[in-house]
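Report on one structure; see the data block that follows.
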Amino acid sequence: MWAHVPSVGRAPSVAMRHNRQSEGNGTLGKQMDRPPTELDHFRSMLQSYMLKKGLRSTDQRKLIVETFFRADNHVSIEELLAHVRAQDPRVGYATVYRTLKLLTECGVANERRFGDGLTRYELADDATHHDHLICVECGDITEFEEPRIEDLQEKVARRHGFVLRTHKHELYGICPRCQGKRHSEN
């Protein structure tokens, strides 16, 4: 059902990953290199969900899904639409919106809102949890993993009688690049 798009091997997991968001220029940023097995897993999840719901697989939906799989994390509908339209100008906003909604419903994608007025999407990678540092000036999003924060959250939840299912940890501030711009302007 889904064409396999070859990808290059991914660098080992790092504690921090930067994702500079496009500033309305319609670009997706760097293309993500994900292991083929990871993408095959997501394709299988989507295919099973679509079969269960009786949904068809169209060429436009396939293009949107494969483009999303190669996109930088935290892509907005508008950014994904611009990239998809570069390959097929007939694809509409509603088709991209419905496809991202489908990916979210079947567990392939997560919706994120970082206070910039846009809904952004990232692959739902349950194997590795990460949190976000968001620059309030330029919109840069840095993903990070910090085991001490994860441990502390578990302790706090237990102390209050909670069993955690999921959480989001977002820190808002000014990134080093914007701090440097401020210092050079003064």
Would you work out the relative contact order for segment 128-186, in percent, from Cα pairs under 8 angstrom that are 6 or more residues apart? 43 percent
Under 29 Å from the Cα of residue 181, which lysines turn up, not counting those fewer than eight places away in the same chain? 30
So, by mean Cβ neighbours within 10 angstrom, what's the order for 164-172, 55-63 with the highest one leading? 55-63, 164-172
Once a ≥ b ≥ c are taken as the square roots of the eigenvalues of the Cα gyration tensor of segment 38-186, is the result rounded (a/c under 1.5), prolate (a/b larger than b/c) or oblate (a/b not larger than b/c)? oblate
Whole-Hz ³J(HN,Hα) for each residue in segment 94-101, computed from phi via Karplus 6.51 cos²θ - 1.76 cosθ + 1.60 with θ = phi - 60°, x for glycine and proline: what do you get? 4, 5, 5, 4, 5, 5, 5, 4
Which listed residue (174, 136, 152) has the Cα farthest towards the positive end of the charge dipole for segment 128-186, taking +1 on Lys and Arg C-beta and -1 on Asp and Glu C-beta about the Cα centre? 152
Which residues' amide hydrogens lie under 5 Å from the amide hydrogen of residue 130, considering only partners 5 or more residues apart or on another chain, with H built in the peptide plane? none
With the Cα gyration tensor of segment 28-126 giving a ≥ b ≥ c as the square roots of its eigenvalues, does the rule (a/c under 1.5 for rounded; else a/b larger than b/c for prolate; else oblate) give rounded, prolate or oblate? rounded
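No lab work stands behind these numbers, since they all come straight from the coordinates. Computed from a predicted structure; not experimentally measured. So basically every Cβ, Gly included, is an ideal-geometry build from the backbone, and we count neighbours across all protein chains shown.
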